[in-house]
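First comes the structure, then the notes that go with it.
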Amino acid sequence: MTKSNKVERGLESILFASRWLMAPFYAGLVLALLTLMVVFIHDIFLELPHMFTLTETQVILWVLTLIDLSLAANLLVMVILSGYENFVSKFDIAGHPDKPEWMGKIDFSAMKLKLVSSIVAISAIHLLKAFMSIETYNREHLILLMAIHLTFVVSGVLLAVMDWVAEKAGEPQH
């Protein structure tokens, strides 16, 4: 083995090992997931004492808030698990009965589409919440919310089309 091959292999080993620098990011996302759980539980306990006095609209807005938090938590779990598995290391849980079906099957392209889909769903919930309490919003704010939501929808569609075109062209997906 020549000296340049040793240097190249050494550099490649360092670069490959650098993927572990991503692990703290995923640990930080676990802390964000914990924060979402605390907010979720706080919202439940905040509304429980008023449970029998809430109007139908207030109940729907509260439920939409809980769904919104749940979708954000699901998104975090997906990013944590698939990101770690795609960029750091494979999980050694092959025989675990609770292993989600999608684990190990989501590549970066699929993760991007799921991420955008979740963002669109979260945006739609925020828009629905605004419509449910429309009297508290001015016209410009509602137009801005709709424009932001449509931007997310169009971005998601364009991302899916780009991945589809790349797949049809036989290019590797990123």
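Taking the criterion of being among the aliphatic types (A, V, I, L, M), over 22 Å from Ala121 (Cβ atoms) and part of a helix (DSSP H, G or I), the residues of the range 42-98 that qualify are Leu46, Leu48. All told, Leu31 meets the bar of being within 14 Å of Val77 (Cβ to Cβ) and of a type in the set (A, V, I, L, M, F, W, C).
Applying the condition of being in contact (Cβ under 8 Å) with a residue 60 or more places away in the chain and surrounded by 12 or more Cβ atoms within 10 Å (Cβ to Cβ) to the range 20-38 and asking which residue is nearest to Asp68 (Cα to Cα) yields Tyr26.
Residue by residue through the range 116-174, note down the ones that are in contact (Cβ under 8 Å) with a residue 60 or more places away in the chain and surrounded by 11 or more Cβ atoms within 10 Å (Cβ to Cβ). Ile125, Leu128, Lys129, Met132, Ser133, Gln173 - these are the residues of the range 116-174 that are in contact (Cβ under 8 Å) with a residue 60 or more places away in the chain and surrounded by 11 or more Cβ atoms within 10 Å (Cβ to Cβ).
Within the range 48-65, the set of residues being exposed (fewer than 15 other Cβ atoms within 10 Å of the Cβ) and either under 25 Å from Pro100 (Cβ atoms) or not polar (S, T, N, Q) (or both) comprises Leu48, Pro49, His50, Met51, Phe52, Leu54, Glu56, Val59, Val63.
A short reminder: the numbers here are calculations on the coordinates, not readings from a lab. Please read these numbers as outputs of a predicted model, since none were measured by experiment. Please note: Cβ atoms are built from the backbone with ideal geometry, for glycine as well, and neighbour counts cover all protein chains shown.
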